Amino acid sequence: MENFSDDCETINFDQMPDENGHFGPYGGRFVSETLVYALDQLTSLYERLKDDPEFQAQIDYDLAHYVGRPSPLYFAERWTKNVGGAKIYLKREDLNHTGAHKINSAIGQALLAKYTGKKRVIAETGAGQHGVATATVAARLGLECHIFMGEEDIQRQSLNVYRMKLLGATVIPVSSGSRTLKDALNEALRDWVSNVDDTFYIIGTCCGPHPYPEIVRNFQSIMGREAREQSLAQTGNLPDALVACVGGGSNAIGLFHPFLKDQSVEMYGVEAGGFGVSTGKHAAPLNDGIPGVLHGNRTYLMEDENGQIIETHSISAGLDYPGVGPEHSWLKDLGRVNYVTVDDDEAMSAFYSLTQTEGIIPALETSHAIAYAEKLAASMGPDQMIIINLSGRGDKDILTVAEIDGISL
Amino acid sequence: MNRIAKCFERLSKENKKALISYIVLGDPMKHITLPLMHALVKSGSNIIELGIPFSDPTAEGPVIQRAHERALENGSNLGEALSLVKKFRESDTITPIILMGYTNPIERMGYDKFIELATTSEVDGVLTVDLPPEEAVTFNDKLKSSNIENIFLLAPTSSQLRQEKVTKMAGGFVYYVSLNGVTGAGNLEIDSVQKHVGNIQSLTKLPVCVGFGIKDGVTARAVADISNGVVVGSAIVKKIAELAETKEIDPAVYVDAVSRIISDIRSALDK
C-alpha cells in the first residue's frame, strides 16, 4: 500500500505512547506543576487496572448491558447503490445509550474515578455529547458532576444542555476566549487544578496531557475491535478503507487503532473544513496547522505567527477545536492515516443524503465523515468495502438544521 | 553572575525579603507597560515578572485571564516583550526581569531565536508555566549556555521525589505555588506553606519565593517571614483592570495606583 511507509511496518502501535506519553514528537505532559501529581496518580492507577481482569469485566458488563454493545456493523445497501462504488458499512455508534461513541470512554473513566474514591467529576464538552455521557455515568454512580461548556455551544446545543441538567449535572457556561470547546477545556483544567484532591477529570477526547490520550484511545478502541471482527464475520474480509470525522479525534482513533497494523486498510480522518480551508475559517489543524503546545500536549494546532491559538469555525460544535489528539499528529507524519477536509455545505448535504436514503439521522460531526466516504466510495470498485464510524446521532442537531432550513420549531 | 543571584545576595546582606511584581505586557495598553515597570521598581519591587499574553492561559484565574485578553486585543506579543525589556535596560541595568508565560509562543518563535533575542535584551529569567522538567530538557539545555535562568514552579502536591527533581533543574529561585488553584485564588494556609518551603530550602541553595494568594501587606509579610520573598500578581492586575474599565489612558494614573499597592507591601515587608 502506497501510504504504508517503511516506518509503519516496524512500529508496534500498541506500545505507543512511550512512558512519558510521547507519540514521536507529539503528546507529552505540558501542564502546570500542581497537576503533575494528579496525572502521576492517574497513570499508576490506570497501569494497575488496565490488565486487571476484574476491572475489565466490569467495563465489559457495563458496555454490554448499559451501553448496548456491540454496536451493529450495518451495510447501507440503498445508499451504496445511490453512490455507486464501494460497499459502505456503518459502525452504528449512534445506537449506543446516549447516542454517540462518547459513552465508551466516559464509562471507563468514571470507573477509574470510582477506584480513586473521588466524589466529584468534571468534564468539558463541545457538542454536548461528552457532557451528556459524563452526566449519565455520574448519575448512575452517584457522583457530583460539573460540565464546562462554551457559551456559544450552549446556544447551539440547547437540547443537550437540558439533558445534562435533567441528569443532575451542573452546566457551567464558559465566557472566555472563543466561548467554545477550547475554552471549556481551559476552564475544566483550571477547575481541576483548584480541586485536584477530590475531583476526577473525565476528558472527552484523545487530547490533553498524558495519560489521557492513551486512556481515551484504549477505551474507544472497542469500536475498532468490534468492527474488525464484524467485518471478517460478515464479509470474510477486512475493509479496504475506514473513514471517521476528526475534531479531537476520539471516534477516529477508536476505530483506526485496532487496524493500524493491517497494511491493506487505508484510513481517512475527516477534519472540519468550515467555510473552506482556503478561507482560514475552519477547524482543520492537520491540514492547515503547525505543531505547537496546547492543553497539555504537543500536536498540530491552528495558531497565528505569534503562537496564539486562533478561533476556529465549524458548523458542528464537536469539531470546532483548534487542536487534535497527539496520536493523530503522529499518524499524519508517518503517513499511516490520510487527513482530509469536508466543508460545512458538503457535510450538510451528506446529512440529508444519509437521512433520506437510509433513515438514519447522523450528527453534524459524523456528517463530515459521511460526505467524504461518499466521494471515496464513488472512486472505488463494487468489490471493495468502506467502514464509516457513525459516531453519533443527529437528534441534538435538529434545531441547528431547522434553522439552516429557515424553519422555526 | 546573573542579576537574579546578585539581587538575592544584596537583599540577604540588607536582611530584606524579595518583592517580585507581576504585570502583563500591554495591559491594558502598550504605552502603559514601560512606565509601570519603572514604577514597580521605584515603589519597592526587587524583581519584575513580565507576563507574556497567551490566548489560553490555563493556570490563571479570571483577573489575569482578562489581562491576557486585553493585551492580545492590542496585539501585544513575545517579540514586543523582548524589545520592551531592551528599552527598560536603557535606564535600569540592575533590576532582574523574568518573562513569565506559556510554552507555545516561545516554541513558535523557536528556542534559539528566543534565547538570542532575550540575551540581547538582557532578560534574566524565564518561567514557562506549562513546561515541567520532563518536557523542558531541550529548552533547559539551550538556556544553560546563556545567562538566562530557567525558573520552575513547585506546588503543594509536589512529592519529595519531584521536589528533588525540580530543584536540580531549577535556576534563579524556586517559585512555590502556595495553593492548589489558579492565580488570584483562595486563602493561604501559612502552616502548610512553611512546611513545604522549609523542605524545599533543605534541598537547594536557591532562594524560595512564594506566589499565588498574596493579596496585601499582611499576607505578604506572613509569607515573607517563612520564605525568601513573595510574588504579587493578581492584586496589581486587579487595580489595572479597574482603571482600564474607566478607559483611562494616562500612564501616570496607572503608575500612581500601582505604586501605592507596592509601597504598602514593601513597608509591610520591611517592618
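The values are calculated or read from the model by the stated rules, or taken from the named source; none is laboratory data. All figures in this text were calculated on a predicted structure; none of them were measured in a lab. Because the Cβ atoms are built from the backbone with ideal geometry, glycine has one as well, and the counts that use them run over all protein chains shown. The accessibility values were calculated without ligands, DNA or RNA, using every heavy atom of the protein model including side chains. Shrake-Rupley method; radii C 1.70, N 1.55, O 1.52, S 1.80 Å.
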- prompt: From a point 7 Å beyond the Cα of A:D345 in the direction of its Cβ, which residues of region A:273-288 have a backbone N at a distance under 19 Å?
  reply: A:273-284
message: Of all beta bridges DSSP finds with both residues in region A:27-163, what is the antiparallel percent, to the nearest 5?
response: 35 percent
field: Cut-off 14 Å between beta-carbons: net charge of the residues surrounding B:L161, Lys and Arg +1, Asp and Glu -1
entry: -1
- prompt: In nanometres, what is the gap between the two model label sites at A:K81 and A:Q356, each 7 Å from Cα along Cα-to-Cβ?
  reply: 1.7 nm
- prompt: Antiparallel DSSP bridges in the protein assembly as shown: what percent, to the nearest 5?
  reply: 20 percent
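Counting only protein heavy atoms and a 1.4 Å probe, tell me what percentage of chain A's accessible area is made up of carbon and sulfur. Don't skip to the end; give the middle numbers.
Numbers: 6760 of 14040 Å².
With neighbouring chains kept in place, the figure for chain A is 48 percent.
In deg cm²/dmol and to the nearest 500, what is the mean residue ellipticity at 222 nm of the protein assembly as shown if only DSSP H runs of at least 4 residues count, each as -39500 (n - 2.57), divided by the residue total?
Details: 29 runs with 313 residues, N = 680.
So the calculated ellipticity at 222 nm is -14000 deg cm²/dmol.
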statement: Between the residues A:P25, A:Q56, A:L111, the Cα farthest towards the positive end of the dipole of region A:1-122, that dipole coming from +1 and -1 charges on the beta-carbon of Lys, Arg, Asp and Glu, is from A:L111
message: Using each residue's phi in region A:91-101, evaluate 6.51 cos²θ - 1.76 cosθ + 1.60 at θ = phi - 60° and report the 3J(HN,Hα) Karplus result to the nearest Hz, with x for Gly and Pro.
response: 7, 7, 5, 5, 8, 5, 3, 6, x, 7, 5
message: Below 8 Å between Cα atoms, with a sequence gap of 6+, how large is the relative contact order for chain B in percent?
response: 23 percent
- request: Would you mind telling me which residue in A:T43, A:T299, A:T134 has the biggest mean-square fluctuation in a Gaussian network model of chain A, where springs connect alpha carbons within a distance under 10 angstrom?
  value: A:T43
Cα gyration tensor category, rounded, prolate or oblate, for region B:3-269 with a/c compared to 1.5: rounded
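What's the local net charge at A:G68, with K and R +1, D and E -1, over the other residues with C-beta under 15 Å away?
After counting each charged neighbour, the total is +1.
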message: Given the options A:F219, A:N160, A:N287, identify the residue whose Cα lies farthest towards the positive end of the charge dipole of chain A (+1 on Cβ of Lys, Arg; -1 on Cβ of Asp, Glu).
response: A:N160
query: By the scheme Lys and Arg +1, Asp and Glu -1, what is the net charge of all other residues having a beta-carbon under 12 Å from that of A:M385?
result: -2
- prompt: If R0 is 41 Å, what FRET efficiency do you get for B:A252 and B:T120 from their C-beta distance, rounded to 0.05?
  reply: 0.85
- prompt: Using a basic spin-label model with each label point 7 Å from the Cα along Cα→Cβ, how many nm lie between A:Y115 and B:E242?
  reply: 5.0 nm
- prompt: Radius of gyration and Dmax for the protein assembly as shown's Cα atoms, expressed in Å?
  reply: 26.1, 86
- line: Once amide hydrogens are built 1.01 Å from N within the peptide plane, the residues lying 5 or more places from B:V174 or on another chain with amide H under 5 Å from its amide H are B:V208, B:C209
message: Show me, for region A:379-385, the HN-Hα J-couplings you get by feeding each phi into the Karplus relation (A = 6.51, B = -1.76, C = 1.60, θ = phi - 60°), rounded to Hz, glycine and proline as x.
response: 8, 10, x, x, 8, 9, 9
query: Rounded if a/c is under 1.5, else prolate if a/b is larger than b/c, else oblate: which is region A:302-409, with a ≥ b ≥ c the root eigenvalues of its Cα gyration tensor?
result: oblate
- request: Starting from the Cα of A:Y61, move 7 Å in the Cα-to-Cβ direction to define the label point; list residues of region A:102-120 whose amide nitrogen is under 14 Å from there.
  value: A:111
message: I want to verify a result. In a Gaussian network model of chain A, Cα cutoff 10 Å, which of these has the top mean-square fluctuation: A:G296, A:G168, A:G142?
response: A:G142
query: Looking only at B:P28, B:P62, B:P96, which one moves most when chain B is put into a Gaussian network model with springs between Cα atoms under 10 Å?
result: B:P62
field: 19 Å Cα-Cα threshold exceeded, pairs from A:K87/A:K375; A:K332/A:K396; B:K13/B:K271
entry: A:K332/A:K396
- request: Could you rank the peptides B:201-214, A:266-279, A:22-35, A:101-114 by their average count of other C-beta atoms within 10 Å per residue, with the highest value first?
  value: A:101-114, A:22-35, A:266-279, B:201-214
